[in-house]
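As structure tokens, the structure follows; a few thoughts come after it.
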Amino acid sequence: MFRQVTRSVPVTRTTQKLFARSYIAGQFTGKPGSDGKYTVTLIEGDGIGPEISQAVKDIYAAAEVPINWEPVDVTPLLIDGKTTLPQPAVDSVNKNLVALKGPLATPVGKGHTSMNLTLRRTFNLFANVRPCKSIAGYDTPYKNVDTVLIRENTEGEYSGIEHTIVPGVVQSIKLITKPASQKVIRYAFEYAKAINKPHVLVVHKASIMKLSDGLFVNTAKEIAEEYPDIDRDPSQYKDVVMVMPNLYGDIMSDLSSGLIGGLGLTPSGNMGNTVSIFEAVHGSAPDIAGKGLANPTALLLSSCMMLRHMSLNADADRIENAVLKTIASGPENRTGDLKGTALLPSIY
């Protein structure tokens, strides 16, 4: 189904352009090896992760994308009471400067730390970028959705500062700092400028959380003065870049995905100063693992974000066009989560 991505077949550029390069932070500085290929760290993930990662690898091989994959294990280690990543995985990401990640499962309960949070903190991935755009040929109740959500990724309610005051009373601290707020807000304005979206919407609840969200929104007002051509308070949801603290971003990014068909269609990139990790944001779905029911679209589109970040734009265009044409071609070429009948091996 994705045979059209091979180099021998011309590809017509689609108007359904979903993703731009990242800007400001995370500028890719990696160099190709002696074989002319870049090495990318691959975190296959749990559940359906290995099979959707294999789909990406197969499609990249067919398309002759100049990428060598370096698989790593991120099974957490407990050192001095703290959950840490295996050092070989850390070294691989720091060496290659870019990684592609499948879904990672986190058990519910005390003592289990989210590996997604651990990755963000380890590499200071301060901005999570989530494009959300309607896909031609796949109908949902919401038409012409076109937004980008940028989430502060390192603090807020996810700072992990919690304690029991007395039995039955727990306190969780929401941490907001001006440097972290400045970083992600400036990133959002620069991103909007770069992709020609003239609106930035700052999401907050400063009317209630006057100090924490107040600091975030006041920082946004200061930075907005540097961008007179960008409206920081648009009245419409369409054609806008949204920026917000961590928890709001987690909730709104998943809700936004629902507008276009679900998390199975939504790409994501986590941007840092030097390292960037691109990922599928859906769950590991252990109940369907190995059954051919998994949808690789989110990971494929995330990999297209990665390729553009690496300035491999032509390769990204070919793969993205093939993915979008496949989705638009009908239910026989879509997986069950997209009201289709296809199994994973058959769609590529």
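Bear in mind that the values in this text are calculations on the coordinates, not laboratory data. Given the structure is predicted, the values throughout are model-derived calculations rather than measurements. Note that we place each Cβ from the backbone using ideal geometry, even for glycine, and neighbour counts take in every protein chain shown.
General remarks:
- Label-to-label distance, ALA314 versus GLU332, with points set 7 angstrom from Cα along the beta-carbon direction: 3.4 nm.
- Cα centroid separation, segment 146-198 to segment 287-339: 29 Å.
- If only the Cβ of Lys and Arg carry +1 and only the Cβ of Asp and Glu carry -1, the dipole of segment 98-212 around its Cα centre is close to 220 debye.
- Dipole magnitude for the chain: about 440 debye, using +1 per Lys or Arg Cβ and -1 per Asp or Glu Cβ, origin at the Cα centre.
- Taking the helices alone, the chain has a mean residue ellipticity at 222 nm of -10000 deg cm²/dmol, built from -39,500 (n - 2.57) per DSSP H run of at least 4 residues and averaged over all its residues.
- Among the listed pairs LYS101/LYS238; LYS101/LYS193; LYS31/LYS133; LYS31/LYS57; LYS101/LYS291; LYS133/LYS205, those beyond 23 Å (Cα-Cα): LYS101/LYS238; LYS101/LYS193; LYS31/LYS133; LYS133/LYS205
- Summing Cβ point charges (Lys, Arg +1; Asp, Glu -1) relative to the Cα centre of segment 226-282 gives a dipole of roughly 160 debye.
- Reduced Cα scattering model of segment 141-260, Debye log10 I(q)/I(0), q = 0.09, 0.13, 0.17 Å⁻¹: -0.27, -0.54, -0.85
- Computed over the Cα atoms of segment 243-348, the ratio of the radius of gyration to the Kirkwood radius (Rg/Rh) comes to 0.98.
- Size check on the chain: the Cα extents along the three principal axes, sorted descending, read 60, 50, 43 Å.
- Fraction of the pair-distance distribution of segment 62-195 above 25 Å, Cα-Cα pairs, percent: 48 percent
- Those aspartates and glutamates that a straight Cα-Cα span of less than 13 Å connects to LYS95, excepting residues fewer than 8 apart in one chain: GLU70
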